[in-house]
Amino acid sequence: MSHQLGRVVSEILHRYFGELVQQVGNDLFIYGSKPISMIVKTTGLPRKQVIESLRTLLKFDLASFEPSVHEVVADYKLLPDNVLLLIRYPRYLLQIKSKYGTEAELLVEELLQQATSTATGLLVTVATKNKDDKEKNITILKLKDTFVSLATAGYIQQAPVADTKEGSSDVPSLVPVATIVPDLDSRQLIHAMTTGSLADIKDNIYWKVNYDRFHQDFRDDIMVKAMTRRIDDNAGELMRLLLQQMYLSSAAWAAESNPTPALDIREAVRRAADKSLLSQHVDHYLKVLEENGAGFVRRVGDAGGGQLVVCGRRAAGRLLEAVLDHVVTERLGSNAARIFRLIRTKKYIEEDDIQKHAMLPNKECKELTYKLLEEHFISVQPMKKAASSGAMAKAIYLYHIKTHDVAHTAQELCYRALHNCLRRGAHERNAHARLRDKQRRVRTIVHGMRMRGEPQQNIDDVEETLTPPELAVLKDVEKRLKQLSAAELELDRNLFILNWYFMYPK
Amino acid sequence: MSSNKNDDPISDKILNIAKKNPKGISDKDIVAAVPDLSSAELVAAINKLLQQGVFDLFNQGGSLIYRLKAQTSKQAVKGADNEEKVVYNLIEEAGNKGIWIRDIRIRSNLANTQLTKVLKSLESKKVIKAVKCVNASKKKVYMLYNLEPDRSISGGAWYQDQDFESEFVDILNRQCLRFLQQRADKIKNNPKGPILGRTQSFATAVEVQKYITDLGISNVKLEVEDVVTILNTLVYDGKAESNVYPDGSKVYRAIESLIPPPGLVQVPCGVCPLVFKCCSTGLVTPQDCKYMDEWLEN
């Protein structure tokens, strides 16, 4: 809950929901939890608008509420972590598209936009929207199957429902429910499609996207890629199989998974079998993965041909270290990164020893060490000899790294960078709002004319209202915005690793 | 010893026992060694030897102890006065680690000016030399002229006249990395299995040393431990990892970082020196940031 986080969250809310929601969100971020009347008072907005904004926030799960002390009104609270997820949406879509195809992408996209929806409602909307698209060839039956498989795989889940228990206060509370894979009636769906009304169908189970399931995929992806980089493709593949085995027996985010017998892995490899090299040398690959795999995998026993555990916590730590190394390298140079790593390896080290091991000139070494200290990448612990006399009592200064604190430093930096990107994007949009507006108008007009089948001559006339210099500017802006949003996604990836690390208590 | 050859058999005998007992001999030992001698003759012989400066005389628990002086000191201090002898002994004791002038002063009890004079004269005779210490540039240590300074004083191969040669280290660092990288790919999809591939991608320090020596980029002879130091810097650079073979020798392998450069360093803010001064309003803002302009231009 830092000031920087507040800035990012505010900027994101502004981009996706506009100024009013931003104001309310800001207010909630600063004061923690408060009831509506207090929000009205501090923001100075009309009560109606505040309620509207809160409704939006609650709908997208960006805020929560709970009964206040008096039990008659609700206190609202912003969920900044969920707000940050808004910029991750493109990644969810990409992930689901590569795994389940276009139908799944359309479903998830619609669901993300609507926040919650009934299964039939969602299916009918998506099918109707893509009715005319011949290329994709979307049918409601295909969508239904995809929906079921998404629900089975846990990418979507049932939304929490209001607690209807008696004796509870006036303020309802949301309780999560177990997801039951729905059994949808195809005939009803087709009927609803043709009539275009959902009134006949009684469907009151609401669905929402399960972010956590996506995050597991991202996590697996990072681990597999890391192993591929460190050893080779086969080791990456093996890592993937190990993770799959892990899901069968342990919690997804466990610090250390339950032991998996190597026998099961061998079996899984044989079934996957398209990698001949891997299946030939499974045991060797396991051994190498264990010894040179940066500690992602650990052997815990020899029973049943060896027991392996996946160390999520250690993997997060290692990846965090890699991130920090990169950051230090880019900010202060590779020599500083050398010192940084040296200190990490030696845990506690004196200044003189740093010079000796880092093989750098004295002056440069000292300078870099102090720079690292200044930017909070390393810490120093003075050790005073107790009760020794006078000038001879020289204190020893031990440099060390507090990983948790440094991770926070990096997180702050990420927030700052993300805020700046968002801010810059908003600025670019504002500065060229008129032109972009014009372009959009021209496009709609041209589109409409094409639909009506008007002569090419007229269409060209309309298109020429955008002058070449204007087009050049637009192209330029487009490019910049694209670069900025790519950067936002990359920063989000970075934050993902950091958050993964923070997931495990210190 | 040739200069101290004595015609006198008595002196010879005394010297012999003294040599056998490097801790020193007492009067009784001498009497036991040469029993057929009168005390007057004995005194004369010992006095003669003392005059020659063969013995040091100590008082231990009330009895006198004669101890043979080390050979070299006898030669070197020839023609020197007592102060020089004392200073010389202290310096000699320090060996190739050298001794600091302050320590000489305290231990010899000589006045500062006198001591400097003595040291100067010894230096001019090329008996001792002053060596600058690499750890503290102003600290000078004295040692015997013919000694090679210890690594802790001279800094080993990496120092030229007390200056650290960072370029040299950099070049070696790069060459070592190149050598390791040549092998690193062997582990990737090795048809003979990953363990063999891993073994092939490892290099021992001896191999690296041979490679460096064959390259001929260094005119200083590099020891294996020097190469190990360089290889360790590669490990600290995150470009290599080290393992230990079953026989205890250390091996190295070039590696890549676990992840490609993260998002933070791909945006200008991640490397921006002003990032902590950057605000929504004021002089430094993301809206008119020069670094961002440059970044977005290309």
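Here, each number is a calculation from the coordinates, and none is a lab measurement. The structure displayed is predicted, hence computed values, not measured ones. Every residue, glycine as well, gets a Cβ built from its backbone with ideal geometry; the counts of neighbours run over all protein chains shown.
With r as the distance between the Cβ atoms of B:ALA40 and B:LYS19 and R0 = 25 Å, compute the FRET efficiency 1/(1 + (r/R0)^6) and round to 0.05.
Plugging the Cβ-Cβ distance into 1/(1 + (r/R0)^6) gives 0.50.
Give me the one-decimal Kirkwood hydrodynamic radius in Å for segment A:3-84, with the sum taken over alpha-carbon pairs.
About 12.4 Å, per the Kirkwood formula over Cα pairs.
Calculate the dipole size of segment B:150-298 relative to its Cα centre from +1 charges on Lys and Arg beta carbons and -1 charges on Asp and Glu beta carbons; express the result in debye to the nearest 20.
Result for segment B:150-298 is approximately 780 debye, rounded to the nearest 20.
Quote the FRET efficiency, to the nearest 0.05, computed for A:LYS225 versus B:ASN146 with a Förster distance R0 of 56 Å and r equal to the Cβ-Cβ distance.
That pair, A:LYS225 with B:ASN146, gives E of 0.40.
At most 14 other Cβ atoms within 10 Å plus a DSSP loop assignment makes a site exposed; report the longest stretch of chain A without any exposed GluC sites (Glu not before Pro).
Segment A:167-463 is the longest.
On alpha carbon coordinates alone, what is the Rg over Rh value for the protein assembly as shown, Rh being the Kirkwood radius?
Values: Rg = 39.4 Å, Rh = 34.1 Å.
My calculation of the ratio gives 1.16.
For chain B, take the longest principal axis of its alpha carbons; what is the angle in degrees between that and the long axis of helix B:205-215, to the nearest 10 within 0 to 90?
Roughly 80 degrees between the two axes.
Can you give the longest run of chain B that contains no trypsin sites (Lys or Arg not before Pro) sitting in a DSSP loop with at most 11 other Cβ atoms inside 10 Å?
B:139-220
Work from the charge dipole of the protein assembly as shown (Cβ charges, +1 for Lys and Arg, -1 for Asp and Glu, about the Cα centre) and give the residue of A:ILE222, B:ILE230, A:HIS281 farthest towards its positive end.
Of the listed residues, the answer is B:ILE230.
Between A:VAL148 and A:TYR504, what is 0.36 nm times their sequence separation minus the Cα-Cα distance? Round to one decimal in nm.
124.9 nm
I'd like the distance between the alpha-carbon centres of segment A:1-37 and segment A:327-351, rounded to an integer number of Å.
Each part's Cα centre sits 37 Å from the other's.
If Lys and Arg each add +1 and Asp and Glu each add -1, what is the summed charge of the other residues whose beta carbon sits under 11 Å from the beta carbon of A:GLN439? Show your work: numbers first, answer last.
Details: positive: A:ARG434, A:ARG436, A:LYS438, A:ARG440, A:ARG441, A:ARG443, A:LYS475; negative: A:ASP437, A:GLU463, A:GLU470, A:GLU478.
With Lys, Arg at +1 and Asp, Glu at -1, the net is +3.
Please arrange A:ASP352, A:ASP302, A:ASP220 by counting, for each residue, the other beta carbons lying within 10 Å of its beta carbon, fewest first. Provide the component values of the computation, followed by the final result.
Numbers: A:ASP352 13, A:ASP302 9, A:ASP220 19.
By the 10 Å Cβ count, ascending, the order reads A:ASP302, A:ASP352, A:ASP220.
What net charge do the residues around B:LEU283 carry, taking every other residue with its C-beta under 14 Å from that of B:LEU283, with Lys and Arg at +1 and Asp and Glu at -1?
Residues near B:LEU283 contribute +1 overall.
State the answer as a single residue: which of A:SER53, A:SER33, A:SER68 lies farthest towards the positive end of the charge dipole of segment A:3-84, with beta carbon charges of +1 for Lys and Arg and -1 for Asp and Glu, about the Cα centre.
The Cα lying farthest towards the positive end belongs to A:SER53.
Considering the zone a paramagnetic label at A:SER485 would reach in this model (a point 7 Å from Cα along the Cα-to-Cβ line), which residues of segment B:263-298 have amide N under 17 Å from it?
Counting backbone N atoms under 17 Å from the label point, the list is empty.
Between segment A:446-488 and segment B:222-242, what is the C-alpha centre distance in whole Å?
A separation of 58 Å, based on Cα centres.
Give me the net charge of B:LYS192's neighbourhood, meaning all other residues with Cβ under 15 Å from the Cβ of B:LYS192; Lys, Arg count +1, Asp, Glu -1.
That sum, taken over residues with Cβ under 15 Å, equals +2.
In terms of Cα to Cα distance under 29 Å, which lysines are near enough to A:LYS34, apart from those fewer than 8 places away along the same chain?
A:LYS48, A:LYS59, A:LYS77, A:LYS165, A:LYS208
Can you tell me how much longer the chain between B:LYS125 and B:LYS188 gets when fully stretched, taken as 0.36 nm per residue apart minus their C-alpha distance, in nm with one decimal?
On the way: separation 63, 0.36 × 63 = 22.68 nm, distance 6.43 nm.
Extra length available between B:LYS125 and B:LYS188 comes to 16.2 nm.
Please order A:ASP232, B:ASP29 by the number of other Cβ within 10 Å, starting at the fewest. Show your work: numbers first, answer last.
On the way: A:ASP232 22, B:ASP29 16.
Going from sparsest to densest Cβ surroundings: B:ASP29, A:ASP232.
Using only alpha carbon pairs under 8 Å that are at least six residues apart, calculate the relative contact order of segment A:280-331 and give it in whole percent.
Over segment A:280-331, the number comes to 23 percent.
What whole number of Å gives the distance from the Cα centroid of segment A:223-287 to the Cα centroid of segment B:8-38?
A separation of 81 Å, based on Cα centres.
For A:GLN381 and A:VAL175 in one chain, what is 0.36 nm times their gap in residues minus the Cα-Cα distance, to one decimal in nm?
Full-extension gain reported as 69.4 nm.
For segment A:325-384, which trypsin sites (Lys or Arg not before Pro) pass both filters: DSSP loop (anything but H, G, I, E, B) and at most 12 other C-beta atoms within 10 Å? Kindly include the intermediate steps, with their values, before the conclusion.
Details: sites: A:ARG331, A:ARG338, A:ARG341, A:ARG344, A:LYS346, A:LYS347, A:LYS356, A:LYS363, A:LYS366, A:LYS371, A:LYS384; in loops: A:LYS347, A:LYS384.
Counting only loop positions with at most 12 other Cβ atoms within 10 Å, the trypsin sites (Lys or Arg not before Pro) in segment A:325-384 are A:LYS347, A:LYS384.
If r is the Cβ-Cβ distance from A:SER2 to A:SER186 and R0 is 60 Å, what FRET efficiency results, to the nearest 0.05?
0.75
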